[in-house]
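Visitor: Have a look at the structure that comes next, please.
The values are calculated or read from the model by the stated rules, or taken from the named source; none is laboratory data. Note that this is a predicted model, so its numbers are computed, not measured. Neighbour counts run over all protein chains shown; Cβ positions are idealised from the backbone, glycine included. Ligands, DNA and RNA are stripped out before the accessible areas are found, and what is left, the full protein with its side chains, is counted by its heavy atoms. Shrake-Rupley method; radii C 1.70, N 1.55, O 1.52, S 1.80 Å.
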Amino acid sequence: MKKLALLATALALVSGSAFAADLRVKAVKAPPPPAFDPWDIAFGSAITNDYVFRGITQSNHKPSVSAYFEPRYNVTKDFQLYVGLGGASISFPNRAAAEVDAYGGARLTVGQFAFDVGAWGYLYPGGTCHAGVPTDAAGVPLSAECQLNALVNGNFIKKDLSFFEVYGKVNYTFNDNFSMGGNVYYTPSFLNSGAEGTYASIVGKAIAPSTWFGASGIGMYVSGEFGRQWLGTSDSFYGTALFPNGINYADYNTWNVGIGFTYKVFTLDFRYSDTNLSKGDCNAFTSDFSARGNLTVSSGTFVTPINPSGVGSNWCGAAGIVKLSADLTAMTNLK
């Protein structure tokens, strides 16, 4: 009987295994991949005690506010197209009070490299021509508006200073804490002066380890930039008796270094900025309405070959900049 029982058990096991092998096993469906939404929008605003652009104040060393809006389309996770619109308060010699920026381009990430190419338009509405004379140095007649208005220091400034640049950028991220990059910008007429402009710079950024501030959510970084602005010859509007057809603006170096603190979408940045432009060459380039003369031999002089009037500008000198900004993206911050 024991043998029969064992034999029956064995047969049952074999037949059960064979029957199970014949059954179709229903495959479990993998969960669908998360939907890829290619659209995103970045936007933000800032306030600063001094709007400095490539080492030169755009706000007469006064506070400035700015904002931007940037729709983005992610073709893939590594390739993005974007356009943007921004604005900032300024204080220009032609009395334009606002800068409006319109730009667009493409960003590509390849490994640890990030590339960015595009075009940027700088628009300055509301300007007024100031010259106070009937013709420029080359004898070209000026408009009634240019003749009617004059700056007290004798500088000339056009009604419209709007211009555009094309640019290319590359950035290399070594690790979570350090990156370096380079930028190149080109315009056929900087500030609508008739002078070509090329700007190139190198940038670097070091981010403090997150452990420095524990669970507070605060971050810190140190960053800097060294750049050089090459400038060509203006048109005759800015000419002088020695150079009636236009002045060859002085090329210059500019640099800045600063420390910043981040918390959620906010950044507080403290920065030092400077250039190697003399006050005389700075005046010739900016047509600073606040520039004043200094012609005494004992005190020095601001006369240069392109600045025969002798008035000097502080717009290109050392500046301390404090900026508080908020930057958000719809996909990250508005979900």
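Visitor: Among TYR167, TYR221, which is aromatic (Phe, Trp, Tyr) and over 27 Å from TYR124 (Cβ atoms)?
Guide: So the residue among TYR167, TYR221 that is aromatic (Phe, Trp, Tyr) and over 27 Å from TYR124 (Cβ atoms) is TYR221.
Visitor: Please find, within the range 323-334, the residue that is nearest to GLY293 (Cα to Cα) out of those that are touching an Asp or Glu at 6+ places or on another chain (Cβ under 9 Å), part of a strand (DSSP E or B) and open to solvent by 60 Å² or more (accessible area, probe 1.4 Å).
Guide: Step by step, filter the range 323-334, then rank; the result is LYS323.
Visitor: Just the residues that are among the basic types (Lys, Arg) and more than 18 Å from ALA42 (Cβ to Cβ), please, taken from the range 88-138.
Guide: ARG95
Visitor: Would you check if VAL52 is crowded, with 18+ Cβ neighbours inside 10 Å, hydrophobic (A, V, I, L, M, F, W, C) and under 14 Å from the mean Cα position of the chain (by Cα)?
Guide: The answer is yes for VAL52.
A quick yes/no check of all residues on (1) of a type in the set (Ser, Thr, Tyr); (2) closer than 19 Å to VAL170 by Cβ; (3) in contact with a helix residue (DSSP H, G or I) (Cβ under 6 Å, 6 or more places away or on another chain); (4) at pLDDT below 95:
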| position | (1), (2), (3), (4) |
| --- | --- |
| GLN58 | no, no, no, no |
| PHE69 | no, no, no, no |
| ASN74 | no, no, no, no |
| ASP78 | no, yes, no, no |
| ILE90 | no, no, no, no |
| GLY105 | no, yes, no, no |
| THR109 | yes, yes, no, no |
| VAL117 | no, yes, no, no |
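Visitor: Same structure again: Please find, within the range 151-170, the residue that is farthest from the chain's Cα centre (by Cα) out of those that are farther than 29 Å from GLY293 by Cα and surrounded by 18 or more Cβ atoms within 10 Å (Cβ to Cβ).
Guide: Among them, the one singled out is PHE163.
Visitor: Write out, first by first residue and then by second, each pair whose Cβ atoms fall under 6 Å of each other, whose residues are 6+ apart or on separate chains, and whose first residue, in the range 240-261, is closer than 10 Å to TRP230 by Cα while the second is in a strand (DSSP E or B) and among the hydroxyl-bearing types (Ser, Thr, Tyr).
Guide: As it stands, the answer is TYR252/THR275, since those pairs meet every condition given.
Visitor: So, in the range 133-190, of the ones that are among the β-branched types (Val, Ile, Thr) and in a strand (DSSP E or B), which residue ends up nearest to GLY232 (Cα to Cα)?
Guide: In this case the residue turns out to be THR187.
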